[in-house]
Amino acid sequence: MIKKFILHIGPGKCGSSSIQNFFKSTKNPSKEKIGYVLLKPKDVNRFNKKNLDKDSIVVINDILQTNGKNCDILILSRENLYQCPFAIANIFKESSKKFNENILIGYSRRQSDFFVSAYSQWFFRSDESISESNTILFNLGLHTDYFTSMEKQLIAGIGADFKIARHFFGDNLMDWNEGYQKIKVLLDEKIKLRMGTLPTYGSDVNLIQDFCDKAGINLKQKAIDQSKVKINAKFNPSLVEALNVSKEIGLSVINPHEENDTLLKISNQLKSHLEIDTILLENILEYIDFYFLESNLEFCKKYNLDASYFNAKPSLDKSKIIELFKEKESNRKSSAWLINYYKNLSAVMLELNLNSIK
């Protein structure tokens, strides 16, 4: 019997790419022999049923048996497992028959950071998200022409109590306490649950080391050095805004998950950044983090996490912050702030085009 089984369940935008890239690209990183499998999305969806058919059970066992040969530790990973609790339960049901120790590892992050990151990675180029956000702002009595694309997405989240973008996430993804509880109730008590938060900037322990600590993996020194390399695909905010506007007016541009390498190359060429309304953004981010504070504190208590990670200032209530949005709209109607914003965006895009043909 193989010693240990690790199921890494994500979620997306919580360091999954860095963890997956490390174990995929690093040969013999630890003193233990590790087997690593990045599950296919179609298999995760196939396993996500309350009662699995015999063929799906065979597929799970084949994955475990084939990839677990000659290993001390087998790791299976997929970021959308977090949203597929039945798939998690079904995988552990089979792994428990084969492994001495079974561990679930999942991460979380401040909801404001998560929302901004998800927008900047996926939502800005999603027709569904753009339509959804515009509809919510209209229902709030706000005119979409007076807000930037990121502002609209964040305001829509507030207006809908963050139950948005279901074509990406299904149920509300950002309430970690609720999300992990849905998973926990389906699992045998013998399954070890080890939740984490993304390490903060300047932390002594990086994400890979934190994952390995939770998994009981002893990294070799060379692998420790390699674990400090971050894999973060960050797109230039000006490019994000331009693509969102292109989508909104019906141009045929890049869809979610498409051409990420191309977007990164373009982002690396862009040197200019648009100025943002920092006061409005600060109010929005404070509202988001305070909205989830009580649930986050319960989550930390349940899984022995440092509650200070989710510290949040008291914020305006929902009615007051919507009033703030309406005041901002009124002020922008009588000023040239948004006009100048998009004039600058046009200039940035022109600079990019000129530099690309030199």
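The values are calculated or read from the model by the stated rules, or taken from the named source; none is laboratory data. Since this is a predicted model, take the numbers as computed values, not measurements. Cβ: placed from backbone, ideal geometry, glycine included. Neighbour counts: every protein chain shown. Quick note on the areas: whole protein, heavy atoms, side chains included, nothing else; ligands and nucleic acids left out. Shrake-Rupley method; radii C 1.70, N 1.55, O 1.52, S 1.80 Å.
Annotation: residue 92 fulfils all but one of (1) open to solvent by less than 10 Å² (accessible area, probe 1.4 Å); (2) closer than 19 Å to residue 13 by Cβ; (3) of a type in the set (Phe, Trp, Tyr); the unmet one is (2). Only a single item in (1) modelled with pLDDT of 95 or more; (2) at positive phi is not met by residue 74, and it is number (2).
Restricting to region 207-254, name every residue that is within 30 Å of residue 275 (Cβ to Cβ), touching a residue at least 12 places away in the same chain (Cβ under 8 Å) and not hydrophobic (A, V, I, L, M, F, W, C). Scanning region 207-254 gives 230, 232, 234, 236, 237, 238, 241, 244, 247, 248. Listed conditions (1) surrounded by 12 or more Cβ atoms within 10 Å (Cβ to Cβ); (2) without any contact (Cβ under 8 Å) to a residue 12 or more places away in the chain are all met by residue 204, apart from (1).
Going through region 48-73 one residue at a time, which ones are under 23 Å from residue 12 (Cβ atoms) and in contact with a Phe, Trp or Tyr (Cβ under 7 Å, 6 or more places away or on another chain)? Within region 48-73, 48, 49, 60 qualify. Pairs please, first residue from region 176-193 and free of Cβ contacts under 8 Å to residues at least 40 places away in the same chain and open to solvent by 20 Å² or more (accessible area, probe 1.4 Å), second anywhere and small (Gly, Ala, Ser) and assigned to a loop (DSSP other than H, G, I, E, B), Cβ atoms under 8 Å, 6+ apart in sequence or on different chains. From region 176-193, no pairs qualify.
Collect the residues in region 317-347 that are outside any helix (DSSP H, G or I) and either in contact with a Lys or Arg (Cβ under 6 Å, 6 or more places away or on another chain) or open to solvent by less than 70 Å² (accessible area, probe 1.4 Å) (or both), keeping them in residue-number order.
335, 336
If you filter region 20-50 down to residues that are in contact with a Leu (Cβ under 7 Å, 6 or more places away or on another chain) and not in a strand (DSSP E or B), you find that the one that is nearest to residue 209 (Cα to Cα) is 29. Residue under question is residue 350, and the condition is that it be of a type in the set (A, V, I, L, M) and either at pLDDT 95 or above or open to solvent by 70 Å² or more (accessible area, probe 1.4 Å) (or both); does it hold? Against the criterion (of a type in the set (A, V, I, L, M) and either at pLDDT 95 or above or open to solvent by 70 Å² or more (accessible area, probe 1.4 Å) (or both)), residue 350 qualifies. Condition (residue is open to solvent by 20 Å² or more (accessible area, probe 1.4 Å), of a type outside the set (Ser, Thr, Tyr), modelled with pLDDT of 95 or more and in contact with a strand residue (DSSP E or B) (Cβ under 9 Å, 6 or more places away or on another chain)) applied to region 138-146: is it met by at least one residue? So far as region 138-146 goes, no, none of its residues is open to solvent by 20 Å² or more (accessible area, probe 1.4 Å), of a type outside the set (Ser, Thr, Tyr), modelled with pLDDT of 95 or more and in contact with a strand residue (DSSP E or B) (Cβ under 9 Å, 6 or more places away or on another chain). May I ask you to verify whether residue 73 is open to solvent by 10 Å² or more (accessible area, probe 1.4 Å) and of a type in the set (A, V, I, L, M)? Spelling it out, it is not the case that residue 73 is open to solvent by 10 Å² or more (accessible area, probe 1.4 Å) and of a type in the set (A, V, I, L, M). Listed by position, the helices (runs of 4 or more DSSP H) inside region 238-316 whose residues that are within 21 Å of residue 129 (Cα to Cα), open to solvent by less than 60 Å² (accessible area, probe 1.4 Å) and out of contact with any Gly (no Cβ under 9 Å at 6 or more places or on another chain) number at least 1 are 260-269, 278-291.
If you filter region 214-234 down to residues that are part of a helix (DSSP H, G or I) and modelled with pLDDT under 95, you find that the one that is least open to solvent (accessible area, probe 1.4 Å) is 223.
Selection of first residues in region 49-70 that are closer than 13 Å to residue 3 by Cα and of second residues that are open to solvent by less than 90 Å² (accessible area, probe 1.4 Å) and not in a helix (DSSP H, G or I), restricted to Cβ pairs under 6 Å at least 6 apart or on distinct chains, gives the following pairs, ordered by first then second residue: 64/98; 68/2; 68/35; 68/74. Can you list residue pairs whose Cβ atoms sit under 6 Å apart, with the first residue in region 255-276 being free of Cβ contacts under 8 Å to residues at least 60 places away in the same chain and the second being in a loop (DSSP other than H, G, I, E, B)? Count only pairs 6 or more apart in sequence or on different chains. Once the first residue is free of Cβ contacts under 8 Å to residues at least 60 places away in the same chain and sits in region 255-276, its partners that are in a loop (DSSP other than H, G, I, E, B) give 260/233; 263/235; 264/233; 267/235; 267/236. Reported count of residues in region 76-89, each being open to solvent by 10 Å² or more (accessible area, probe 1.4 Å), more than 29 Å from residue 158 (Cα to Cα) and not aromatic (Phe, Trp, Tyr), is 1.
The residue that is surrounded by the most Cβ atoms within 10 Å (Cβ to Cβ), counting only those in region 95-117 that are part of a helix (DSSP H, G or I) and small (Gly, Ala, Ser), is 95.
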